[in-house]
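Below is one structure, written out as structure tokens; comments come after it.
The values are calculated or read from the model by the stated rules, or taken from the named source; none is laboratory data. Keep in mind the model is a prediction, meaning the values are calculated, not measured. Cβ: placed from backbone, ideal geometry, glycine included. Neighbour counts: every protein chain shown.
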Amino acid sequence: MINNFLQGIDTLILRVADIERSKNWYTQKLSFAVLHEDDIHKLAVLDTHGSVSITIWQTDEPIHINSKTAAYPIFRAADAQQTHDHLSAQGVAVGEIVTDHAVTYFTFHDPDGNMLEVCQVHA
């Protein structure tokens, strides 16, 4: 039996309706850099400033997102309030900040309705 044959998550795929619009949104609003583009498959791999990239991949199928059941990425932030304010100033519609004993977080959506979350873990 092989132990530790999986080495971690490489990328998370988010389906989008328009690769150019989404690429511009992720690079301008979230300051992600494009690591790789594939014009044939209409996808772009984005550097999220962490160990896992996000691949935005255009689909011709309708995108149906159910925020209550869909998987979504959660980004770490040193200061959730500061990040919330920054994204809001960038014109991103951000949700209400929620704080409990362990974390402070909020959600927002990309142009295709993919839910994203920012989380600050309390030490």
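For this structure, a couple of remarks:
- Single match in V98, V45, V52, V103 (criterion: at pLDDT 95 or above, closer than 27 Å to H122 by Cβ and touching a His at 6+ places or on another chain (Cβ under 7 Å)): V103
- Residue selection: Y105 satisfies the criterion of being outside any loop (DSSP other than H, G, I, E, B) and in contact with a Cys (Cβ under 8 Å, 6 or more places away or on another chain).
- Each residue in segment 69-95 was checked for being under 25 Å from D18 (Cβ atoms) and not small (G, A, S), and 10 pass.
- Residues that are within 10 Å of the chain's Cα centre (by Cα), at pLDDT 95 or above and assigned to a loop (DSSP other than H, G, I, E, B), drawn from segment 72-86: P73
Table: residues versus (1) assigned to a helix (DSSP H, G or I); (2) surrounded by 14 or more Cβ atoms within 10 Å (Cβ to Cβ); (3) among the basic types (K, R).
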position	(1), (2), (3)
I2	no, no, no
Q7	no, no, no
L12	no, yes, no
R21	yes, yes, yes
V34	no, no, no
H49	no, no, no
I63	no, no, no
A70	no, no, no
V92	no, yes, no
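- Long-range neighbours under 6 Å by Cβ, at least six apart or interchain, first residue basic (K, R) within segment 31-50, second surrounded by 13 or more Cβ atoms within 10 Å (Cβ to Cβ): K42/I19; K42/Q58
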